[in-house]
Amino acid sequence: MYKINTNYQKLPGNYLFSTVAKKVAAYKEAHPEADLIRLGIGDVTLPLVPTVIDALHKSVDEMGHAETFHGYSPDLGYAFLRDTLVEKVYKPLHAEVASDEIFISDGAKSDSGNIQELFSEDNIIAVTDPVYPVYIDSNVMAGRCGTYDNATGKWSDVVYMPCVRENNFVPDFPKRTPDIIYLCNPNNPTGTTLNKSVLQDWVDYANREHALIIYDAAYESYITEDDVPHSIYECEGARTCAIEIRSFSKNAGFTGVRLGFTVVPKDLVQNGASLHDMWARRHGTKFNGAPYIVQRAGEAVYSDQGQKEVKEEVAYYMRNAHTIKAGLADAGFEVYGGINAPYIWLKTPEKMTSWEFFDYLLDKAHVVGTPGAGFGPSGEGYFRLTAFGSYENTLAALERIKKL
């Protein structure tokens, strides 16, 4: 008789965004006339930029000729893309990253969920709270995290580091020393950031405690303030304690194309085992690589014209973010984020729970957001809106919320 992985049965409910989608679908079925504006899921809405489209067309044509056809990609990804990332992403930051330390993948979400396979079940993980659900859920599936307490919304073996207004959304060093620390900067869902000085403190802490930081930099292209780092490798000592995960989804609109990469420095060695070599082994065994045409599109993102075009799209979304934040603040809401990230994190009014506010906005304003409780215990009482809609829909949603 086959045995199942019973850790899946420990997961409470559905994945957050699946739950949101089901609630919205049920509402739409009951109210087909409702004109919904969706500012919930962090999916982009602008089309791929012309330079990327041109690269896709060209590479598709190459696939139609034997002399330029490409099959499986190299395990780490094509050198043309990895070399481009070194030159265009890390060298301008004075961050030491080698081409063969970059692993091309089909997205940051995949790597965030898969990276935990390198570690044994008895590792203690620490997460900022609220947190992107994939970090915890993937560790639960692997047998970490202990048991779930419905009353508190916490896992018994997870170290939670609250990020709330009382500490300016900057996590304190935990009293219980973790083995693996997840940091997302700029943060999803709060849209807040750690400046370079604070991040350097975390790097020093990790090295001092022999812990590993898994650093999610999916939203770095939205950073506008000079003192917020674009990479953890801007910090001294990060190569001995940090893995960095990056995405093309939010900076270049690749949510439907799928491309990302993870940096695993060769300096990461534990008990004689190289994490770089382990990830390379895992990558080669379980992944056949992102498509050639997609990697060529990724290369085009970092051409001079490609950068000009994608930065215009980022600016479009950040205009939405600034509009939402300013409008909600004028209407009396307590709001955060929206400066270095495309997310607005607002306090729910009238002591509403986050799911009550979700239902209220859906029913009264026909606006879809994401309840903060879905991101962890410290998310209760907060609500996330995204800036990834059209500018027209953003203005319309804001007016509907103001009227409430």
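For region 176-196, indicate whether the set of residues that are part of a loop (DSSP other than H, G, I, E, B), farther than 26 Å from Lys250 by Cα, hydroxyl-bearing (Ser, Thr, Tyr) and open to solvent by 10 Å² or more (accessible area, probe 1.4 Å) is non-empty.
yes
Failed condition for Val52, given (1) closer than 27 Å to Leu212 by Cβ; (2) crowded, with 20+ Cβ neighbours inside 10 Å; (3) touching a residue at least 60 places away in the same chain (Cβ under 8 Å), with all others met?
Against the list (1) closer than 27 Å to Leu212 by Cβ; (2) crowded, with 20+ Cβ neighbours inside 10 Å; (3) touching a residue at least 60 places away in the same chain (Cβ under 8 Å), Val52 comes up short only on (1).
Only one of (1) in contact (Cβ under 8 Å) with a residue 24 or more places away in the chain; (2) open to solvent by 80 Å² or more (accessible area, probe 1.4 Å) is not met by Ala66, so which one is it?
It is condition (1) that Ala66 fails.
Could you check region 1-25 and list, in sequence order, the residues that are open to solvent by 60 Å² or more (accessible area, probe 1.4 Å), more than 25 Å from Leu346 (Cα to Cα) and either free of Cβ contacts under 8 Å to residues at least 24 places away in the same chain or of a type in the set (S, T, N, Q) (or both)?
Matches in region 1-25: Met1, Tyr2, Lys3, Ile4, Asn5, Thr6, Gln9.
Kindly provide the set of residues from region 95-119 that are open to solvent by less than 20 Å² (accessible area, probe 1.4 Å) and of a type in the set (Gly, Ala, Ser), ordered by number.
Scanning region 95-119 gives Ala95, Ser105, Gly107, Ala108, Ser112, Gly113.
Please list, ordered by first then second residue, the pairs with beta carbon atoms under 6 Å, 6 or more apart or interchain, first in region 320-346 and farther than 16 Å from Tyr219 by Cβ and modelled with pLDDT of 95 or more, second open to solvent by 10 Å² or more (accessible area, probe 1.4 Å) and assigned to a loop (DSSP other than H, G, I, E, B).
Short answer, once both residue conditions are applied: Leu346/Phe333.
Do you know which residues across region 26-43 are under 14 Å from Pro371 (Cα atoms) and without any contact (Cβ under 8 Å) to a residue 24 or more places away in the chain?
Answer for region 26-43, where residues must be under 14 Å from Pro371 (Cα atoms) and without any contact (Cβ under 8 Å) to a residue 24 or more places away in the chain: there is none.
For the list (1) under 19 Å from Pro186 (Cα atoms); (2) out of contact with any Pro (no Cβ under 9 Å at 6 or more places or on another chain), I need the number of the one condition that Ala321 fails.
(2)
The values are calculated or read from the model by the stated rules, or taken from the named source; none is laboratory data. Since the model is a prediction, treat every value here as computed from it, not as a measurement. For neighbour counting, all protein chains shown are included, and Cβ atoms are generated from backbone atoms with ideal geometry for every residue, glycine included. The protein model used for the area step is the full one, side chains on, heavy atoms only, and it has no ligands, DNA or RNA in it. Shrake-Rupley method; radii C 1.70, N 1.55, O 1.52, S 1.80 Å.
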